[in-house]
């Protein structure tokens, strides 16, 4: 299926990789961008001139309905969400409205306009939260531990209800941590890759880290957007857990990144207990069996290769004085 694909959150990491994938497949890609986020379109870099931007307030139900009616999309990918999970504590209500409100308004627009648009909802492993079983599948109980996870869960159930009650083709991808050189520096993977590159070049001396024992299921964002697309190509709408099924500790992350530039991480990394997250969880690891079986999806980029790409990209950025 090709045609027009709408993307909310197009200026984020996933928006970039999804846009690139869809353009390669021959889609017309339209980003639904709030007026206050128009300046962020430059983040699309080489794709900025290849996608169309439709400026719309995601909180305005009527404006979203008009956008859907005018653009007649075959697919909608709802990626809109705060980019940084801990920040959701600062504005729980705003997080809920952006995540759940946008999903609800878009699903309602599809139904009211009378289209057969296929809808992808970006969910998150944060909806599992305090798990009692590992790894997690779509059958695992949800117990979110922060406002971001709670908002994502609300959006997930809203999507399920709309699918079951109105017969919409809507899918939820429960994605685990996925990284790339396009991650903002506040994320731990990018914080580490940038620090390793900076220390290698003599521009900094130390890296302050929180809990080195914290573990994550880390994959490559480019692989995960492929799973998003595959979900909307099936015969029936279903939900999927997307991850590698492998856990790595923050210490593994640090050691791998510093090894990429031939440095011993233990000489440069210091633990700062004030950086430890209070809502930390250590057993979030995916069971992607369903996606592998039904979508024929498989992660292509290994953890080591991913971190190597991130470190080398940051080295090049710093050496060319490009924006990091």
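Structure summary
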read-out	value
Whichever residue in region 12-22 is touching a strand residue (DSSP E or B) at 6+ places or on another chain (Cβ under 7 Å) and closer than 12 Å to residue 48 by Cα and, among such residues, is surrounded by the most Cβ atoms within 10 Å (Cβ to Cβ)	15
Residue identified as at pLDDT 95 or above, within 21 Å of residue 184 (Cβ to Cβ) and not in a helix (DSSP H, G or I) among 301, 254, 324, 241	301
Yes/no for residue 155 being outside the structural domain of residue 101 (by TED's automatic domain parsing), more than 22 Å from residue 289 (Cβ to Cβ) and modelled with pLDDT of 95 or more	no
Residues satisfying the stated conditions in region 108-142, i.e. under 22 Å from residue 91 (Cβ atoms) and assigned to a strand (DSSP E or B)	121, 122, 123, 124, 129
Qualifying residues in region 23-47 (those that are under 21 Å from the mean Cα position of the chain (by Cα) and assigned to a strand (DSSP E or B)) - the one surrounded by the most Cβ atoms within 10 Å (Cβ to Cβ)	32
Scan of region 48-84 for residues that are touching a strand residue (DSSP E or B) at 6+ places or on another chain (Cβ under 8 Å) and either in a helix (DSSP H, G or I) or over 24 Å from residue 224 (Cβ atoms) (or both), ordered by number	54, 55, 56, 64, 67, 68, 71, 72
Residue tally, condition closer than 27 Å to residue 115 by Cα, in contact (Cβ under 8 Å) with a residue 12 or more places away in the chain and surrounded by fewer than 18 Cβ atoms within 10 Å (Cβ to Cβ), over region 135-168	2
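The values are calculated or read from the model by the stated rules, or taken from the named source; none is laboratory data. Computed from a prediction, not measured in an experiment: that's the story for all the values here. Cβ atoms come from the backbone with ideal geometry, glycine included; neighbour counts cover every protein chain shown.
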